[in-house]
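Worksheet: one structure, shown below.
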Ligand SMILES: Cc1ncc(COP(=O)(O)O)c(C=O)c1O
C-alpha cells in the first residue's frame, strides 16, 4: 500500500504501548494470579452505588444516550459549583484530550508539554500537524520558566498535568500562580487534573477551577477512571469558559458517552463512602511503598496520586519483565526515557506486599 494513503503526520508517531491484558500475561507465563499495578486503576473496585445506577439503566440501552449527558452535567454543575454550560462530558478524559486538539490545532501550531508527562498530549496534537515542544523536568519538578520561555506567537496550548503522570508530584499553588501571571493571554492552558481527588486535601495543591475563574483561556480536565473506579466504563469531563465550550460542542461527536457510563458516573459522584475508602486504602499503600523504598535507599517522587515513580537502580525493562514473570505488572520508565525508574500503582495491602516482596528478590 502506498504511504501516501495515510496522513503524513502518522509517519512520525510511535504507537502507544498499552500494558498487556491480565489474561494474556497469565497464559504467557503460566500464572494463575496477576496483580496489575500498571494503569493507576482503583483496586478497591467500582463504586457500589455506581453499579446500582448501571443496573437501573440496563433496560434502557435500546435508546441512544442523552447526547449532552444532561443529568450528569447537572449533577456535576451542582457538585463543582460551576455553570452547566461550562462542562463537557467525554468518553474518558482521553477523548476530551482529542476533542481539545480538534478544537484548537491547525497545521503548524505549537504546543508546550513537560517531559515526562502524559503522552496523549503529544499524540492528539501532533497527529493534526502541531509541533510539540517538550520541556524536560528541572531536578524533580516542572520547569515552569522553561515552559514560559518555550512559548511563542505560534503556541496555542500549554499542558500542565497536576498531579503529573508518571511522576505523581504536584505543581504547588505559589508556582502555579507565578506561571499564570507570566503567561501570555493568547495561550490556552490545559490543566489535566485526572488525579485531583488524591491531591485535593493537600494545602499547597491548587484547584484548577480557581484559575479558570480569572482566565477564560483555561480548560480543566477530570475523570471518573481513578478515584471513582470506573476506568472500564469511560467517563471524563472538562470545565472551561462558555466561549470555549460552545466551540468544542461543535466538534464533539453526538453520542460520545454511553448511557451506562453516564449513569455510573452519577452514582459514583454520590458515593462518598467509596471515595473515602479508596483514599484510605491509597494512603496505606503509598506509606507501605515509601517505607520499603526508604529501606532500599531508592529515590522516588513524593506522590499525590495513586501511583509512585521510583528509581529501582536497575534497568526498568529487566525489573518490569522480572516482576511480570512473578505475576506483578508495573509500568517501566524507559518508555519516558527514565531507564532505571518504574511507575507502580497503589493497591490493597495484600497487593502492595506482593509488589514489595517480589521487587525485593531482585536485590538479594
Ligand atoms: C494524566 C491523565 N490524564 C488523562 C487520563 C485519561 O483518563 P481516562 O481514563 O478518563 O481517559 C489519564 C489516564 O491514565 C491520565 O493519567
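Measuring how big the chain is from its alpha-carbon positions, Rg and Dmax come out at 20.5, 59 Å. Placing R0 at 51 angstrom, the Cβ-Cβ distance between residue 59 and residue 134 gives a FRET efficiency of 0.60 after rounding to 0.05. Remark: spin-label model distance residue 294-residue 350 equals 2.7 nm, labels positioned 7 Å along the Cα→Cβ axis.
Normalise the Cα radius of gyration of segment 288-364 by 2.2 N^0.38 Å (N = residues in it) and let me know the number. Taking N as the residue count of segment 288-364, the ratio is 0.98.
Calculated mean residue ellipticity at 222 nm for the chain: -12000 deg cm²/dmol, from DSSP H runs with n ≥ 4 weighted as -39500 (n - 2.57), summed, divided by the residue count and rounded to 500. DSSP beta bridges confined to the chain are antiparallel in about 45 percent of cases. The slack in the chain from residue 360 to residue 67, taken as 0.36 nm per residue of separation less the alpha-carbon distance, amounts to 100.5 nm. Inter-part distance, segment 31-106 to segment 188-267, computed on C-alpha centroids, equals 9 Å. Exposure proxy for 9, 110: other Cβ atoms within 10 Å of each Cβ, ordered fewest to most, give 9, 110. From least to most packed, judged by other beta carbons within 10 angstrom and beginning with the fewest, 154, 252 follow the order 154, 252. Cβ crowding within 10 Å ranks 197, 11, 35 as 11, 197, 35, fewest other Cβ atoms first. Between residue 175 and residue 12, the modelled labels are 2.8 nm apart [label points 7 Å from Cα along Cα→Cβ].
No value in this document is a laboratory result; all are computed from the given coordinates. Since this is a predicted model, take the numbers as computed values, not measurements. Glycine also receives a Cβ, built like all others from the backbone with ideal geometry; neighbour counts cover every protein chain displayed.
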